[in-house]
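Here's the structure, in structure tokens; my notes come after.
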Amino acid sequence: MELSDAIVVRIKQLMKENNMKIYDLSILTGIPRNTLSVFLKRSTKTIRLENLLYICEGFDIELKDFFDDKVFKNVEAKNWLKNPEE
């Protein structure tokens, strides 16, 4: 699974556990609803690290706890181009 997909899975998992909708997460984190929606619906594959930290704070967990989940066990960074001269 690609890393960005795993992050979406984890956010949705936490939203379900906390009985939240995108609107609720937006209010809790201060991240605009549209920003969350665009990422969670996969219109973009990037999320700012600061936003991920705000999401963790909204769920009252640390960043390390966010990534301490089986969904991240076999993640990949697809479409990443390594410098061919290395």
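Under the 0.36 nm per residue contour assumption, what length would be gained going from the current alpha-carbon distance of Glu2 and Leu63 to full extension? Write down the numbers at each step before the final one.
Numbers: separation 61, 0.36 × 61 = 21.96 nm, distance 1.86 nm.
Extra length from Glu2 to Leu63 when fully extended: 20.1 nm.
Mind pulling the angle between the C-alpha long axis of helix 3-17 and the longest principal axis of the chain? Nearest 10 degrees, somewhere in 0 to 90. Helix 3-17 sits at roughly 20 degrees to that axis.
Taking θ as phi - 60° and the Karplus parameters 6.51, -1.76 and 1.60, the scalar couplings of the stretch 42-54 work out to 6, 6, 9, 9, 10, 9, 5, 4, 4, 5, 5, 5, 4 Hz in sequence order, x denoting glycine and proline.
If the chain linking Arg33 and Arg48 were pulled fully straight, counting 0.36 nm for each residue of separation and taking away their Cα-Cα distance, it would gain 3.9 nm. Out of these labelled values of Cα extents along the principal axes in Å, (1) 40, 29, 17; (2) 49, 23, 19; (3) 46, 26, 19, which was calculated from the coordinates shown here? Answer label, from the structure shown: (3). Taking the helices alone, the chain has a mean residue ellipticity at 222 nm of -15000 deg cm²/dmol, built from -39,500 (n - 2.57) per DSSP H run of at least 4 residues and averaged over all its residues.
Per residue, the chain exposes an accessible area of 74 Å² to a 1.4 Å probe, with every protein chain left in place.
Ignoring ligands, DNA and RNA, what percent of the 1.4 Å accessible area of the chain is carbon and sulfur?
Numbers: 3180 of 6330 Å².
Carbon and sulfur atoms account for 50 percent of the accessible area of the chain.
Based on the Cβ-Cβ distance from Lys70 to Lys41, what FRET efficiency comes out when R0 is 25 Å, to the nearest 0.05? It comes to 0.60.
The values are calculated or read from the model by the stated rules, or taken from the named source; none is laboratory data. The shown structure was predicted, so the numbers you read here are calculated from the model rather than taken from an experiment. Counting neighbours? That spans all protein chains shown, and the Cβs are built from the backbone with ideal geometry, glycine included. Accessible surface areas use protein heavy atoms only, side chains included; no ligands, DNA or RNA. Shrake-Rupley method; radii C 1.70, N 1.55, O 1.52, S 1.80 Å.
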